[in-house]
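Remarks on the structure that follows.
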Amino acid sequence: MLAAKFWPSYPTLKKLEKQEKVLTRNGVLEGDRGKKLSSDFGKRRYLSTPKFPVGTFLKLIAKDVPLWKNPSISTRDTAANFEPFKAPQLLIKKVLQAKSLRLQSVLVDSGPNEWGVICKESYITVREMANKPDYIERACLALNNSLIAPYFLTLTTNIGVYITKASVEDLLSVPLPSGPVDLSNIHSIEELDTAAKKYFPLTAADWQLIEDFLEYTLPDALRKTPGIGRNSTRRNSEQNVPEPDLSAYCDAVLRVIKSTYGSAKSISTTIYSESGGEKLPVRMVTIRLNTPSQRAISFETINADGLFDELKKFYNEQLTRKTRATAGGGGLGFQRVAYLVRSDKSGMISLTFIKPDERRYWLRSLAMRDADQIAMLLLKTTIKKIAYHAALPHA
């Protein structure tokens, strides 16, 4: 959805290069039997390491990079143009960082020198054709923050599924902010992400999709062992806030349903928690419509031992049951989500969700999808109730 409605309207380095506003080039390809370059290249700075120097963030000082001791390139490197290595310059690392799940790019501070830094083929160099580094600053923000670029590349390439290295074509296609950016007061990745939300004005729902995807889905795809999405939901946060995961889920559900029924509509949610130390393998949440006297999000303890045992039995018999084709132990199995719709004479309509106790089932992004289903179910229930009363004989 985001790729269709959002990305095409923003500039990219690929578009800017066609407009002759920037020059781009892959780094030089090294080789044992290389082509010797002129001695002038021995005066240039050469980044030969596969990673930026430790501690580098947004800016690389050219004079701190060693001189090119042996200026030669592989015979397979057919790019003869070295103009993209001149200032103003941006260097982009091609590989998604495993721990932070983000790309990294740096603006090269070359001082008064015409040349920036020549790099190996682990990087892409971008030169701005104007003297003011406007477009490369936008690219630096987009290709550094841990939100936009990884999400876009995962949607449009195989990154996060098969590989962690992006092609030159893919990186040059990442959307950039539509206007100038200010990087002067940005000193951390958190501040970069905050700036990204300012320069890419997506909706709150869009950002929830992106954040959940990058925090839970993408790490799960890249790792061999289960990620945090399979952890149990938190009953309390570090700040002792009750039910932080389910509360965020309920808040997202409420906002979506209110946008459907109207903000004046009275809607409430109830989160059910265990009373003792034993945790259930399932969590339960009830959404109620037409409840003006109840709080938006309330908490209720499961006190009845019979209900506790029934929920545990329900999980074992229903939510972990495999399909008929896989009952023998092979193939794919799946877990189900159960819900119960109820209404009473007062007009209150409720829907109770029962899901496995894993964070991935209670994400804000899933809440938006569930809320659409809830709205439709509540609408159908309301229509059936109206039709039922209309069919009753009148006195």
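The values are calculated or read from the model by the stated rules, or taken from the named source; none is laboratory data. Here the structure is a predicted model, which means the values were calculated and not measured. Don't worry about glycine lacking a Cβ; one is built from the backbone with ideal geometry, like all the others, and counts go over all protein chains shown.
Of note:
- LYS59 being touching a residue at least 40 places away in the same chain (Cβ under 8 Å), loosely packed, with under 15 Cβ neighbours inside 10 Å and in the same structural domain as ARG102 (by TED's automatic domain parsing): yes
- 3 or more residues touching an Asp or Glu at 6+ places or on another chain (Cβ under 9 Å), closer than 18 Å to LEU91 by Cα and at pLDDT 90 or above: qualifying helices (runs of 4 or more DSSP H) within the stretch 113-200: 135-142
- Among (1) within 30 Å of CYS140 (Cβ to Cβ); (2) outside the structural domain of LEU143 (by TED's automatic domain parsing); (3) in contact with a helix residue (DSSP H, G or I) (Cβ under 6 Å, 6 or more places away or on another chain), the one test that ASP212 misses: (2)
- Among the residues of the stretch 1-36, those identified as assigned to a strand (DSSP E or B) and either at pLDDT below 70 or farther than 15 Å from ASP134 by Cβ (or both) are THR24, ARG25, ASN26, VAL28, GLY34, LYS35, LYS36.
Listed here are the residues, each with its yes/no results for (1) at pLDDT below 75; (2) out of contact with any Asp or Glu (no Cβ under 7 Å at 6 or more places or on another chain).
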{"position": "ILE354", "(1), (2)": "no, yes"}
{"position": "ASP357", "(1), (2)": "no, yes"}
{"position": "SER365", "(1), (2)": "no, no"}
{"position": "MET368", "(1), (2)": "no, yes"}
{"position": "GLN373", "(1), (2)": "no, yes"}
{"position": "MET376", "(1), (2)": "no, yes"}
{"position": "THR381", "(1), (2)": "yes, yes"}
{"position": "PRO393", "(1), (2)": "yes, yes"}
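- Looking only at the stretch 232-255, and only at residues there that are among the β-branched types (Val, Ile, Thr) and farther than 15 Å from GLU358 by Cα, the one that is surrounded by the fewest Cβ atoms within 10 Å (Cβ to Cβ): VAL241
- Residue within the stretch 52-74 that is in a loop (DSSP other than H, G, I, E, B), in contact with a strand residue (DSSP E or B) (Cβ under 7 Å, 6 or more places away or on another chain) and of a type in the set (Ser, Thr, Tyr) present: yes
- Within the stretch 111-127, the only residue that satisfies the criterion of being hydroxyl-bearing (Ser, Thr, Tyr) and closer than 18 Å to GLY55 by Cα is TYR123.
- Any hit, the stretch 31-40, residues being within 20 Å of ILE124 (Cβ to Cβ), under 37 Å from the mean Cα position of the chain (by Cα) and either buried (at least 18 other Cβ atoms within 10 Å of the Cβ) or in the same structural domain as LEU183 (by TED's automatic domain parsing) (or both): no
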